[in-house]
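> Input: one structure, supplied below.
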Amino acid sequence: MPLGGYCVQCGRWVWLTSYGECQNGHPPASVKDVQQLKPQPTDVVVTSAEPPSAPRARFRWWWRHSLWIGWTFSLGFLNWVSFVYIGIKARKAPWTALGFVYLIPLVLTILAWGTPLLALMIALQLVVSAGSFVNALYLRPHYRAIMFGDTPQAALPAPPQPPPLLTAGERPALPKGMDEGAADVLQPARRRVDAILQSAGSINKPAVRDEVIALCRTADQIIAELASRPRKLDAARGFLTYYLDAAQRIVDGYVYLNGRSSTSPDITRTLARAEDSLHVVQQAFDRQLANVLEDRALDLDSEIELLERTVRTETMYTQTGELT
C-alpha cells in the first residue's frame with residue numbers, strides 16, 4: 001500500500017513522495033501521521049456546479065500561469081530564468097539552484113567565444129536546453145500544486161479516504177414514544193455525543209480518533225439502554241451530568257490545540273495529557289454501562305430461574321401422572 005499522511009499546509013490527507021514530501025510539494029515536516037493508506041475506488045462520480053463555459057476559461061487561466069515554460073525555448077539563452085522564476089515564486093531553493101546549473105552552458109559558450117571549443121559548447125548548450133524543457137514539464141504540476149492548489153497527476157487513482165466515523169446504521173436510535181422526562185434528559189445527551197463525533201472528524205491522529213469514536217459508541221449504548229429503562233436514569237446521573245460534558249470539553253480542546261500551526265512544549269505536554277485522559281473517560285463510560293446493564297443481568301437470571309422451575313414442575317407432574 002502507498003504511504004500517505006495529513007498535510008498541515010494542505011489541510012487534508014495526501015500521498016507522499018519517495019522523499020517524504022507532500023504530493024503538493026510541501027516539506028516532510030508539514031506531514032503528520034504517516035501511514036499506509038488505501039486508495040479510493042476509481043468509479044467515484046463527482047458532480048460539478050460549474051457552467052459550461054468554465055472549463056474553457058479555466059484552460060486559458062491554466063496556460064496563462066504556465067507561460068514561464070516559454071523561456072526554455074530560447075535555445076539555452078534564457079532557459080535558466082524559468083527555474084529561477086519558479087524557485088523564487090514557490091520558495092523552493094533546489095529549483096532556484098537548478099536554474100543556475102542551467103546557466104553554466106551559456107557561460108561556457110560565452111567564455112569559448114573565438115576558440116576551437118565554441119562549436120562544442122554551442123552543441124552542449126542546445127542539448128542542455130532540450131533537457132531543461134523536459135525538466136520544466138516535469139516540475140510544472142508540482143509548481144502549480146504549490147501556487148494554485150492544483151493536484152498533480154499521480155500514479156495512484158485517488159487521494160486517501162477521509163477518516164471513517166460512525167455511520168447512522170452503527171448507532172442505536174432512540175425509541176419512539178419515549179417517556180417525556182427521559183427524553184428531556186437523553187436527547188440533549190445524544191446531541192452532545194453527536195458534537196463529540198463531529199469533532200473526531202477533525203482529529204488527524206488515527207489512534208486518538210479511534211479512541212474518541214469508541215467513547216461515542218459506548219455513550220450511544222448507555223443512552224439507548226437508559227431510553228429503554230428510564231428508571232435507571234438516577235443511576236447514570238454521573239454520566240449524564242459530568243462525564244459526557246467532560247469528554248466533550250477534552251475533545252474540543254484537543255482539536256483546537258492540535259490545529260494550531262505553531263506548537264510549544266507546553267502545548268505538546270497538554271495534548272499528551274489529553275490523549276491519556278481519554279483512557280480514563282473510557283473506563284468511566286464502561287463502568288456506567290456496566291451499572292446500566294446490571295438490571296438486565298438480574299432480569300435474565302430471574303428468567304432463567306423461572307424457566308428451570310417451570311420445567312422441573314412440569315416434569316414432576318408428568319411423572320406423578322404416569323405413576324397413577
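> Is it the case that some residue within the range 206-223 is surrounded by 15 or more Cβ atoms within 10 Å (Cβ to Cβ) and part of a loop (DSSP other than H, G, I, E, B)?
no
> Still on this structure, I have one more. Would you point out the residue of the range 270-302, among those that are of a type in the set (Gly, Ala, Ser) and either at pLDDT below 80 or touching a Gly at 6+ places or on another chain (Cβ under 7 Å) (or both), that is surrounded by the most Cβ atoms within 10 Å (Cβ to Cβ)?
It comes out as Ala274.
> So, one more: Checking Phe148 against (1) surrounded by fewer than 16 Cβ atoms within 10 Å (Cβ to Cβ); (2) modelled with pLDDT of 90 or more, which single condition isn't satisfied?
Every condition holds for Phe148 apart from (2).
> For Ile203, state whether it is crowded, with 19+ Cβ neighbours inside 10 Å, at pLDDT 90 or above and in the same structural domain as Pro175 (by TED's automatic domain parsing).
Criteria not met by Ile203.
> Any residue in the range 179-193 that is at pLDDT 85 or above sitting within a Cβ distance under 8 Å of a residue that is β-branched (Val, Ile, Thr) and in a helix (DSSP H, G or I)? List the pairs, counting only those 6 or more apart or interchain.
Taking only residues 6 or more apart or on different chains, the pairs are Leu186/Ile223; Ala189/Ile223; Arg190/Ile223; Val193/Ile223.
> Right, here's the next one. Count, please, the residues in the range 151-171 that happen to be surrounded by 14 or more Cβ atoms within 10 Å (Cβ to Cβ), modelled with pLDDT of 65 or more and not basic (Lys, Arg).
2
> Among the residues of the range 232-246, is any farther than 25 Å from Trp13 by Cα, charged (D, E, K, R), in contact (Cβ under 8 Å) with a residue 24 or more places away in the chain and surrounded by 14 or more Cβ atoms within 10 Å (Cβ to Cβ)?
Yes, that holds for at least one residue.
The values are calculated or read from the model by the stated rules, or taken from the named source; none is laboratory data. Since this is a predicted model, take the numbers as computed values, not measurements. Ideal geometry is used to build each Cβ from the backbone, glycine not excepted, and the neighbour counts take in all protein chains shown.
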